[in-house]
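Down below is the structure, laid out as structure tokens.
The values are calculated or read from the model by the stated rules, or taken from the named source; none is laboratory data. Because the structure is predicted, anything quoted here is derived from the model rather than measured. Using ideal geometry, Cβ is built from the backbone for each residue, glycine included, and neighbour counts are taken over all protein chains shown. The accessibility values were calculated without ligands, DNA or RNA, using every heavy atom of the protein model including side chains. Shrake-Rupley method; radii C 1.70, N 1.55, O 1.52, S 1.80 Å.
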Amino acid sequence: MSKTTTEAELPPAPDETEAERLSTAPVDSDGPTGIGVIGWARWMWRQLTSMRVALILLFLLSLAAIPGSLLPQNGQGSQAALKVVAWKAQHTTVAPVYEKLQLFDVYSSVWFSAIYILLFVSLAGCIVPRTWQFVGVLRSRPPAAPRNLTRMPVYAAWRTEAEAEAVNAAAHRLLRRRGFRAHLSGGSVAAEKGYLREVGNLLFHLSLFALLGGFAWASLASGTAGKLMIEGEGYANTITQIDDFSGTPFYTSDDLDPFYLKLDSFTARFQASGSQIGAARQFTANVEYSTGSDPTQTTPGKIEVNHPLEIGGSKVFLIGHGFAPVVTVKNAKGEVVYHGATPFLPQDANQTSTGVVKVSDYGVGPDGKKVQLGFTGNFLPTAPASFENTGPISLFPDDAAPMLVLNAWAGDLGNDAGRPQNIYQLETRKMTQLMQDGQPARVRLKPGQGWDLPDGYGTLTFDGYKRFVSLNISHRPGNEVALSGAVLAILGLIGSLFIQRRRIWVRALALPGGGTQVELAGLGRSESAKIADELAELAVDLQDDAPATDEPDDSDDSEDPGPDPGAVDAPSEPVPADQNSKE
């Protein structure tokens, strides 16, 4: 009789805890289970020192340099500062945004420095372990021959009557002669070549490190100064005699290189005919300089475009030039109240220049009150015959037909207000323009001509003109380091790309039936066609010591010598490199 199982006899159902214990699903937890602080730090370090992140940082660094090339930057001399002010005046909407983003101080900004430092750390974290690993490789022996050489990409074998020991010794000698690191042991020769590939790789990384270090050194210990010099003038390289100075934390005005420089003459030459008329052909500043305490002991020198004059630790660059009209102003009594050359700044390629002549010590005017005079206008190296169609512009950058065009003002120049003024601009808020025949007083003068000023203010004479140059005095101690790093980086990259790492094994074993079995195998650590050629050349050279003999007909019945007990297994193909490696 069959037995029927009743509900009361069924086993009790497992509770939820027992069901969860029997399940293979992951156990739910109240919170996430991480790898810990040390684990996260190790993961972040591996990511930072990976090839992928290094390339991203290099790309970000190149992107970050773009605004520094397109926008004028502060801290690069007075002319650059004026360009920044002019750019802000022309772009009033976006200028405040750019200011907050530090786009006018790109190379000293927080975000540029962060990218720079991270790239530094990434390179350092890659170089140190790779160097230590490479030193270990150099100190170790080449890997022993694999058990089955036929699995290698390149393989050769033959029989010879020579002794096995003699064949191995000959192979060892030939491989060392070819520049391989060879080791003879266990009846086989293991050799390896191409270590300069890794040397080139390390050199490339070290050179990048030096390149970034040179830039960092330059940004922390460099400085620039600007000086405008008129022919015949000289100056001492001190903070009181230069026009502007931009320093760094480790290079201040107290660190300026002491020297004296005088501009003897300036030569400019332009294309006078043809399709390139007006094109510059020569700019040469002939100077005298001294580095000692005696300024009379001077040395002649030349400064040309892209050919600076090096004095001490500084380089003097020629960055601009122009004309300085020589003007003499006399008051109503005939006394000279102003005489000198005043630089007029070029406004276009043809040297149309604007400037201001300020006569602060004029004295008492015709009305018996103290007054000052100011003259604004243009200097035209090659003036047109008439301004009717062109206006006051120069037609050629050289002094073919020089002319000085001036307007006259009288009043208070504002020099005594204590506020800094631009020497190339005239504040006319407290001045009145002189009138002549009911029109603003204006005159066109050629060299040697004079002008009787209206209202009895005296006379003005255009005596002639001199040339001036704008000089940039730069002290950048890291340039040589950066240049050397760039050159070595290229050499290291060439070595890592064109030098191939490869291994060769030679095994000679005595056969039981007499004779010696010779096996050669090669493995390239990278894609290379050299390994097959080198193995063939080695086989040919080895024939002198181990000439091949015909195999006997019963070779198939010969007893297999068996694997070398001292050999080790090797993969049939090179092991792929770690993708996070910077090799």
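Accessible area, 1.4 Å probe, largest first: how do Arg141, Arg501, Arg269 sort?
Details: Arg141 165, Arg501 40, Arg269 120 Å².
Listed by decreasing accessible area, they come as Arg141, Arg269, Arg501.
Using +1 at the C-beta of Lys and Arg and -1 at the C-beta of Asp and Glu, which of Gly438, Phe266, Ser353 has the Cα lying farthest in the positive direction of the dipole of the chain?
Of the options given, the answer is Gly438.
Please report the projected area of region 460-514's Cα convex hull averaged over all directions, in nm². Intermediate values should be presented prior to the final figure.
Values: hull surface 38.8 nm².
Dividing the Cα hull surface by four gives the mean projection, 9.7 nm².
Quick one: Cα centre-to-centre distance for region 328-343 and region 478-492, in angstrom?
56
Please state, as a whole number in µm²/s, the translational diffusion coefficient that the Stokes-Einstein equation yields for region 40-125 at 10 °C and 1.306 mPa s, with Rh defined as the Kirkwood radius across alpha carbon pairs. List each step's numbers first, then the result.
On the way: Rh = 14.5 Å.
Here the translational diffusion coefficient equals 110 µm²/s.
About the Cα centre of region 100-242, how large is the charge dipole given +1 on each Lys and Arg Cβ and -1 on each Asp and Glu Cβ? Please answer in debye to the nearest 20.
Numbers: 15 positive and 8 negative charges, 180 e Å.
I would put it at about 860 debye.
Suppose R0 equals 35 Å; then what is the FRET efficiency for Lys430 and Ala236 from their Cβ-Cβ distance, rounded to the nearest 0.05? Numbers along the way, then the final one.
Values: r = 36 Å, r/R0 = 1.02.
For Lys430 and Ala236, the calculated efficiency is 0.45.
How long is the gain from Leu82 to Leu491 if the chain were fully straight, where each residue apart is worth 0.36 nm and the alpha carbon distance is subtracted? Before the final figure, lay out the partial values.
Numbers: separation 409, 0.36 × 409 = 147.24 nm, distance 4.14 nm.
Difference between extended and current length: 143.1 nm.
In nm, to one decimal, how far is the Asp452 label point from the Ala536 one, both placed 7 Å along Cα→Cβ?
Result: 10.3 nm between the two label points.
Heavy-atom accessible area per residue, the chain, 1.4 Å probe: how many Å²? Mind dumping the intermediate values first?
Details: 33310 Å² over 583 residues.
For the chain, the solvent-accessible area averages 57 Å² per residue.
Do me a favour and compute the ellipsoid semi-axes for region 180-286 from its Cα gyration tensor, root of five times each eigenvalue, largest one first, whole Å. Mind showing how you got there, number by number?
Working: eigenvalues 601, 141, 28 Å².
Rounded to whole Å, the semi-axes are 55, 27, 12.
So, taking all protein chains as they sit and a 1.4 Å probe, how much accessible area belongs to Thr224, in Å² rounded to tens?
Roll a 1.4 Å probe over it and Thr224 shows about 30 Å².
Can you work out the base-10 log of I(q)/I(0) for region 411-463 at q = 0.17, 0.19, 0.21, 0.22 1/Å, using the Debye formula on its C-alpha atoms alone?
For region 411-463 at q = 0.17, 0.19, 0.21, 0.22 Å⁻¹, log10 I(q)/I(0) is -0.73, -0.86, -0.96, -0.99.
What does the charge dipole of region 326-431 about its Cα centre add up to, to the nearest 20 debye, if the Cβ of each Lys and Arg holds +1 and the Cβ of each Asp and Glu holds -1?
Values: 8 positive and 10 negative charges, 92 e Å.
Computed charge dipole of region 326-431: roughly 440 debye.
With unit charges on the beta carbons (Lys and Arg positive, Asp and Glu negative) and the dipole taken about the Cα centre of the chain, which residue among Phe462, Gly200, Ala221 sits farthest to the positive side?
The residue sitting most towards the positive pole is Phe462.
Only Lys, Arg, Asp and Glu count, each charged at its Cβ (+1, +1, -1, -1), so figure out the dipole size of region 297-386 about its Cα centre, rounded to 20 debye.
Working: 7 positive and 6 negative charges, 53 e Å.
Taking the Cα centre of region 297-386 as origin, the dipole is about 260 debye.
Let me see the P(r) profile for region 384-450: every Cα-Cα distance counted, bins of 5 Å, each bin given as a percent of all pairs.
So the P(r) values, bin by bin, are 3, 12, 17, 18, 18, 15, 11, 5, 1.
Considering only protein heavy atoms, what is the solvent-accessible area of Asp367 at a probe of 1.4 Å, reported in Å² to the nearest 10?
110
Whole percent per 5 Å bin, from 0 to the bin with the longest distance: what is P(r) over all C-alpha pairs of region 402-551?
2, 6, 8, 8, 7, 6, 5, 4, 3, 3, 4, 4, 3, 3, 3, 3, 4, 4, 4, 4, 4, 3, 3, 1, 1, 0
So how far apart, in nm, are the two label points at Phe387 and Trp132 if each is 7 Å from Cα heading toward Cβ?
Spacing of the two 7 Å Cα→Cβ label points: 7.7 nm.
Name the residue from Leu318, Ala280, Thr298 whose Cα lies farthest towards the positive end of the charge dipole of region 247-333, charges +1 on Cβ of Lys and Arg and -1 on Cβ of Asp and Glu.
Most positive-ward Cα: Ala280.
In whole percent, and with a 1.4 Å probe on the protein chains, what portion of the accessible area of the chain is carbon and sulfur?
Details: 18470 of 33310 Å².
For the chain, the apolar C and S fraction of the accessible surface comes to 55 percent.
Using Cα pairs closer than 8 Å and at least 6 residues apart in sequence, work out the relative contact order for the chain, in percent. Spell out each step's value before the answer.
Numbers: 1063 pairs, mean separation 115.0, N = 583.
That works out to 20 percent.
Can you give the relative contact order of region 466-529 as a percent, counting alpha carbon pairs under 8 Å and 6+ residues apart? Mind showing how you got there, number by number?
Values: 42 pairs, mean separation 16.5, N = 64.
This gives 26 percent for region 466-529.
For the pair Ala114 and Ser185, what calculated FRET efficiency results from E = 1/(1 + (r/R0)^6), where r is the Cβ-Cβ distance and R0 = 60 Å, to the nearest 0.05? Let's see the in-between values first.
Working: r = 53 Å, r/R0 = 0.88.
The computed FRET efficiency comes out at 0.70.
As a test of reading the structure, rank Phe250, Phe462 by solvent-accessible area (1.4 Å probe, protein chains only), most first. Don't skip to the answer; put the middle values down first.
Numbers: Phe250 140, Phe462 0 Å².
Per-residue accessible area, sorted high to low, gives Phe250, Phe462.
From the Cα gyration tensor of region 128-196, with a ≥ b ≥ c the square roots of its eigenvalues, which class applies: rounded if a/c is under 1.5, or else prolate if a/b is larger than b/c, or else oblate?
Values: a/c = 2.47, a/b = 1.90, b/c = 1.30.
Prolate is the answer for region 128-196, as a/c is 1.5 or above and a/b outweighs b/c.
Using every Cα-Cα pair within region 224-306, state what percent have a distance larger than 18 Å.
Numbers: 1856 of 3403 pairs.
Summing the P(r) tail past 18 Å for region 224-306 gives 55 percent.
Counting alpha carbon pairs within less than 8 Å and at least 6 residues apart, what relative contact order, in whole percent, applies to region 150-297? Please report the intermediate quantities before stating the final value.
Values: 166 pairs, mean separation 19.7, N = 148.
Relative contact order for region 150-297 comes out at 13 percent.
Nearest 500 deg cm²/dmol is fine: what mean residue ellipticity at 222 nm does the chain get from its DSSP H runs of n ≥ 4 alone, each adding -39,500 (n - 2.57), divided by its residue count? Before the final figure, lay out the partial values.
Working: 10 runs with 161 residues, N = 583.
Using -39500 (n - 2.57) per qualifying helix, the result is -9000 deg cm²/dmol.
In straight Cα distance, which lysines are under 19 Å from Lys315, not counting same-chain residues fewer than 8 positions off?
Output for Lys315: Lys227, Lys262, Lys302.
Could you sort Ser69, Ser188, Ser360 by their accessible area in this structure, using a 1.4 Å probe and putting the largest first?
Reading off the accessible areas and sorting them downward yields Ser69, Ser360, Ser188.
With mean projected area of the Cα convex hull in nm² in mind, check (1) 28.2; (2) 34.6; (3) 60.1 and report the label derived from this structure.
Here mean projected area of the Cα convex hull in nm² agrees with entry (3).
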